[in-house]
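Okay, structure first, notes after.
Any read-out appearing in this document is the output of simple, stated calculations on the displayed coordinates, not a laboratory observation. Model, not experiment: these values are computed from the prediction. Neighbour counts are summed over all protein chains in view; Cβ atoms, including those assigned to glycine, are modelled from backbone coordinates with ideal geometry.
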Amino acid sequence: MKHLSLFLLGTILITGIAVAQKNDVTVKIFQQHITQPNIQLLDVRTANEYKDGHIKNALQADWTNQDQFKERIKYLDKNKPVLLYCASGGRSGQAAEWLYSNGFKQVENLKGGFIQWKQENQPFEGTANTPQITMDIYKNYTTSSAAVLIQFGADWCPPCKLMTPVVESVKAELKDKFKFVHVDGGIHTNVMKQLNIEALPTFIVYKNGKEIWRKQGVTEKSELIKQLTR
């Protein structure tokens, strides 16, 4: 019996996808698993995000639209593996928890999401083919005698949307005392990788071309003003 258990465990490790499990996996493992038979690949981003670029053969069900999501996943087989992703891994992580708790036996979530997939130069289709900015172009954004606030964000990023009125309020209060640059984190992933930016939104303040402060996630208005005026 002991030898049989070891054999079964070995089989699970070799195939990489076990029965009744939910895992967060790397791009490398995710890429290997989507080539296996009977895989159900699911993109849980919005339709517009999907249109701008997605992994080949991925189905789409918007996690932020629960009626749509639940309607579409009714057509998935709970006994076959579901591999899912979003932009950076947050929404798909929540969706993976939901799928697992609702009877799906094998669920894998892509760590870092579609952004990480692109950063590791994996193939995708449907992109709008917007050119990536270079580091030289990015550095030009930071060379100002005034403070520079750069926000890495995206229209489809919920916390980024939450920060929009905050940033607008800062701009109104400080007026021409600083320069603001928005970098689309769903497009310019090469620069994000070089700057070690792993999530959206991320704020960076520069003075005389040098980074003096960085913050990931939702940020208070008072904190932004403090860093821009110090």
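So the values come out like this:
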| item | result |
| --- | --- |
| Extension gain (nm, one decimal) between ASP67 and LYS226, 0.36 nm per residue minus Cα-Cα | 53.0 nm |
| Fewest-first ranking of TYR50, TYR85, using other Cβ atoms within 10 Å as the exposure measure | TYR50, TYR85 |
| Whole-Hz ³J(HN,Hα) from phi, Karplus 6.51 cos²θ - 1.76 cosθ + 1.60, for the range 45-55, glycine and proline x | 7, 6, 4, 5, 4, 4, 4, 6, x, 7, 6 |
| In range of the label at THR130: residues from the range 199-218 whose backbone nitrogen is under 16 Å from the point 7 Å along Cα→Cβ | 200-202 |
| Amide H contacts of LEU42 (H built 1.01 Å from N, under 5 Å, at least 5 apart or other chain) | LEU59, LEU83, LEU84, TYR85 |
| Amide H partners (placed H, <5 Å) of GLN21, local residues excluded | GLN106, VAL107 |
| Karplus-derived HN-Hα couplings along the range 175-182 (A = 6.51, B = -1.76, C = 1.60, θ = phi - 60°), whole Hz, x at Gly and Pro | 6, 8, 7, 8, 10, 10, 10, 9 |
| Summed residue charge, Cβ within 10 Å of ALA147's Cβ, Lys/Arg positive, Asp/Glu negative | +4 |
| Mean separation of Cα contacts under 8 Å, 6 or more apart, over the residue count of the range 135-229: relative contact order % | 41 |
| Overall Cα dimensions of the range 135-229, principal axis frame, Å, largest first | 31, 29, 16 |
| Globularity index of the chain, i.e. its alpha-carbon radius of gyration over 2.2 N^0.38 Å | 1.20 |
| Added length on full extension, which subtracts the Cα-Cα distance from 0.36 nm per residue, TYR141 to VAL218 | 25.5 nm |
| The chain - percent relative contact order, Cα under 8 Å, separation 6 or more | 18 |
| For the range 16-119: relative contact order, % (alpha-carbon pairs under 8 angstrom, 6 or more apart) | 36 |
| Sorted by Cβ neighbour density within 10 Å, fewest at the top, the residues CYS86, CYS157 | CYS157, CYS86 |
| Lone cysteines, the chain (no partner Cβ under 4.7 Å) | CYS86 |
| Sorted by Cβ neighbour density within 10 Å, fewest at the top, the residues VAL166, VAL44 | VAL166, VAL44 |
